[in-house]
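The values are calculated or read from the model by the stated rules, or taken from the named source; none is laboratory data. All of these numbers come straight from a predicted model, not from anything done at the bench. Every residue, glycine among them, receives a Cβ derived from its backbone with ideal geometry; neighbour counts consider all protein chains shown. Ligands, DNA and RNA are stripped out before the accessible areas are found, and what is left, the full protein with its side chains, is counted by its heavy atoms. Shrake-Rupley method; radii C 1.70, N 1.55, O 1.52, S 1.80 Å.
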Amino acid sequence: MRNFYLVFKQSFRERVTSKSYLLTTFALIMISIFAISLPSILENFSAPKEEVVVILNTSDIEAAELEQQLSAWRWKEGTATQMSEYKKDAEEGKILGLYVIDQTSSNYSVNYFSKTNDVELNSELSMYLQTKNVQKIALNNGLSEADQQALFVPVTMEKGDFTAENEVSVFVTYLMLMFILMAIMMYGTTIATGVASEKASRVMEVMVTKVNPLSMIFGKIFGIALASLVQFTAFFGGVALYLKSGLVEPAESLGNFELNLSALTVEHCVYFFIFFLLGYLLYASLYAVFGSMVSRPEELNGTTMPISILLMASAFSGILFVMDDPTSALSKFLALFPFTSPFNMIILVMKDAASLFEITISIGLLVITTFVFGYFAAKIYPKGILHFGENLKLRQLIMRKS
C-alpha cells in the first residue's frame, strides 16, 4: 500500500505542477466563459438602427407612431421640399431609404427610394399600413371597439419543445459523450506518453524490480485520474461561479440546439461521474500497456491507434444506434458491454430508459472488466518497461518472459 501511495503521489504531483496542465485548465475556463458571454458581447456590439426618412402625405400617420410600431429602424420625418436631398442620401447609402406615403380613397400607397431595397422593412411597413387601413374601414362602418380588436388578434403560434421539461436534451447528452471521449483520450495518452518516456530513466528499471507492478500501474493511473478530477472541478467550479455572479444570463439554447440544463438532476451527475471514472480506469490500463510497447514517445500514435478506434466506435455507437431507440436489444447490449457501457449507459440514464438493475449490472461488469484488465496490464507492464530497441507487438509482449 505504501508503494502505491508513493507512485500515486509522484504521478499526481508531476501532473498538476506541469505548465501544460495549468495552461490547459486556465484555457478551458476562459474559453468557456467567453463562449457563455458571446451572445451578450455580440448584443452590445450590434449595429445601430439604420435611419429611414419618411414623407407623410396623410393625416392619420405620424413618424412617432412608426418609430413605436416598427422599432427595428430609426424613423425621421422629412418634407417634400427636401426630397431631392433625401434621394441623394439614399443613393449614397447615408440613409437606408426614403419612403413617401400617400393616402388614396381605398388604401395607402408608398413610393420609396432605397439602394439596398430592404425586404424586411418593406414587408413590415406594408403589413402595418394594411392593418391601419383595415382599422380605418372598420371604424367607418360602425364596428364596435371589441369587433375592431377582434380583427387584429394574432394567430397563436407556440414553438413546441422536442424534449419534455424533465428530460435532458439530446444536445446535452451529446456534450456528455464527447466530454467522456475527449477526457479518456487526453488523459489516456498522457499515461501512455509518461510510460514511454520513463523507459529512458534508469530509476524506472530499479522501481520495476522493487515495486509491485499492480501498485505501480494503478498508482500512476489513479494519480493522473485525481489530477483530471481536480482540473475538471476547477473548470466546472469556475464556470458555475461566473454564472452565479449574474454577469450573464445562461442561454436556454445554443443556435438551434436546446440546452434544458434544468432537467439535469443529482442522480444524472452521479451516474455520469461513475461511468466516466470507470471508463477512464478501463481504457487507462490499456494505454499503459500500449505505452510500454514502444521505445520512444514519438511512436505512440500508431501503437495506440486501436484504442482510439475502439473509443470512437464506442462513443458513436451511442449516437448512431442508442440515441434514437434506447429500448432496443442492441441498445441494451451496448449499455452492458464493458467497453461501450461508459458511453451508452449514460444515454439510457439520461432518457430514463434503464432500470436500477440494468445500471447495477452494467457497473458490476465494468468494475470486473477494469480489474481484470488492470491485473493483466500489471503482469505485462514490467516486460514492456524493461524492453528496449525494436517495438513489441501485443502478442510478443504477452509471450515474453520477465
So how many residues does segment 105-126 have that are exposed (fewer than 12 other Cβ atoms within 10 Å of the Cβ) and not polar (S, T, N, Q)? 2
Yes/no for Leu143 being over 28 Å from Pro48 (Cβ atoms), open to solvent by less than 80 Å² (accessible area, probe 1.4 Å) and either part of a helix (DSSP H, G or I) or modelled with pLDDT under 85 (or both): yes
Hey, any hits in segment 362-377 for a residue that's open to solvent by 30 Å² or more (accessible area, probe 1.4 Å), over 28 Å from the mean Cα position of the chain (by Cα) and farther than 28 Å from Ala227 by Cβ? no
Given the criteria in contact (Cβ under 8 Å) with a residue 40 or more places away in the chain and open to solvent by 20 Å² or more (accessible area, probe 1.4 Å), does Tyr99 qualify? no
Being open to solvent by less than 50 Å² (accessible area, probe 1.4 Å) and within 23 Å of Phe235 (Cβ to Cβ) is the requirement here; does Ile55 meet it? no
Could you please give the count of residues in segment 1-16 that are at pLDDT 85 or above and touching a Lys or Arg at 6+ places or on another chain (Cβ under 6 Å)? 0
Boolean, Asn111 is at pLDDT 80 or above and not in a helix (DSSP H, G or I): yes
Is there any pair linking a residue in segment 297-308 that is on the phi > 0 side of the Ramachandran plot to one that is aliphatic (A, V, I, L, M), with Cβ under 8 Å and at least six apart or on different chains, and which? none
Just to be sure I understand, how many residues within segment 220-238 are open to solvent by 20 Å² or more (accessible area, probe 1.4 Å) and aliphatic (A, V, I, L, M)? 4
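Residue-by-condition table, conditions (1) outside any helix (DSSP H, G or I); (2) at pLDDT below 75; (3) closer than 19 Å to Leu28 by Cβ:
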position	(1), (2), (3)
Thr173	no, no, no
Tyr187	no, no, yes
Thr190	no, no, yes
Val203	no, yes, no
Phe222	no, no, no
Leu226	no, no, yes
Val248	yes, yes, yes
Ser262	no, yes, no
Checking Glu67 against (1) open to solvent by 80 Å² or more (accessible area, probe 1.4 Å); (2) outside any strand (DSSP E or B), the condition it does not meet: (1)
Tell me, which residue of segment 30-48 that is β-branched (Val, Ile, Thr) and closer than 12 Å to Leu243 by Cα is modelled with the lowest pLDDT? Ile36
Please enumerate the residues belonging to segment 79-97 that are over 45 Å from the mean Cα position of the chain (by Cα), more than 15 Å from Leu56 (Cβ to Cβ) and not charged (D, E, K, R). Ser84
